[in-house]
Amino acid sequence: MENTSPVYGRILLKLSGELLGRGDGSFDRAALSPLMAQIGLLRKTGVQVAIVLGGGNIYRGRQGQITREIGDRMGMLATVINGLALRDIFEREGIPCLLQNAFGTLPGMESIDAEKARMALDRGRVVFFTGGTGIPFFSTDTAAALRAIEIHAEALLKATKVDGIYDSDPETNLEAKRFERISFSDAVRLGLRVMDAEAFCMCRDHAVPIVVFPMQRENALLDVAFGKAIGSTVCAQ
């Protein structure tokens, strides 16, 4: 029997920059519209939604001929640009938002404050976390794990272009095995690259399950929130 109510009351959604645009600094409104519609429906059911944004549609920290540290800082700034844009788009659609960033107070946004974020979620606002961890050499996956823990999220949902976690790249290996469920320990041991080992370990230590799911599937976010078996779940043994 399918669930008729959500299985998660508060979620942290990790959205990569690639899901927001084409890599040229643009924003794909066609991709954002179903996302906003699903978040709107989740809010009506009482599900609280926080979002950590990537910046790959604008800049990827490991590209070019600059140092890793500077590249990471540029990538973190790209996530702030995405946050400003998405907050504007969401609020013009009637979805109230709070935007926080890891660099401290900037015009139009607040610094990261977990207590304020939790209070905003309780009031039905969507919370955007930008700026990654604020420190180079850490990915936005690690930032997503950190923010999920800070806001006491019941699950970290990572939206991707594939339908879950595989033991190798399914685009190059037709025999790649998909995991419906896998433990945190096995995910780290196998070196699965869908998320950083740091993110897996943080979520393991704080008992926050991770669901990796295909965002482009119709109603995917709603299905995950209501417990439908799509994608892959990383959890305790």
Original post:
Hey, any hits in region 167-178 for a residue that's over 29 Å from Leu99 (Cα atoms) and either touching a Leu at 6+ places or on another chain (Cβ under 8 Å) or surrounded by 15 or more Cβ atoms within 10 Å (Cβ to Cβ) (or both)?
Top reply: yes
Subject >> Tally, over region 202-219, of residues that are under 24 Å from Asp186 (Cβ atoms) and either in contact with a strand residue (DSSP E or B) (Cβ under 8 Å, 6 or more places away or on another chain) or of a type in the set (A, V, I, L, M) (or both) >> reply: 10
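Name the single residue, out of those in region 36-68 being aliphatic (A, V, I, L, M) and either part of a loop (DSSP other than H, G, I, E, B) or at pLDDT below 90 (or both), that is nearest to Phe90 (Cα to Cα).
Only one residue fits best here, namely Val47.
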**OP:** Just give me the residues in region 160-202 being among the hydrophobic types (A, V, I, L, M, F, W, C) and under 18 Å from Arg217 (Cβ atoms), in sequence order.
**Re:** Val162, Ile165, Phe179, Val194
Subject >> Tally, over region 186-216, of residues that are surrounded by 13 or more Cβ atoms within 10 Å (Cβ to Cβ), more than 24 Å from Val7 (Cα to Cα) and either of a type in the set (Gly, Ala, Ser) or touching a Leu at 6+ places or on another chain (Cβ under 8 Å) (or both) >> reply: 1
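The values are calculated or read from the model by the stated rules, or taken from the named source; none is laboratory data. It should be emphasised that the depicted structure is a prediction, and the values quoted were computed from it without experimental measurement. Ideal geometry is used to build each Cβ from the backbone, glycine not excepted, and the neighbour counts take in all protein chains shown.
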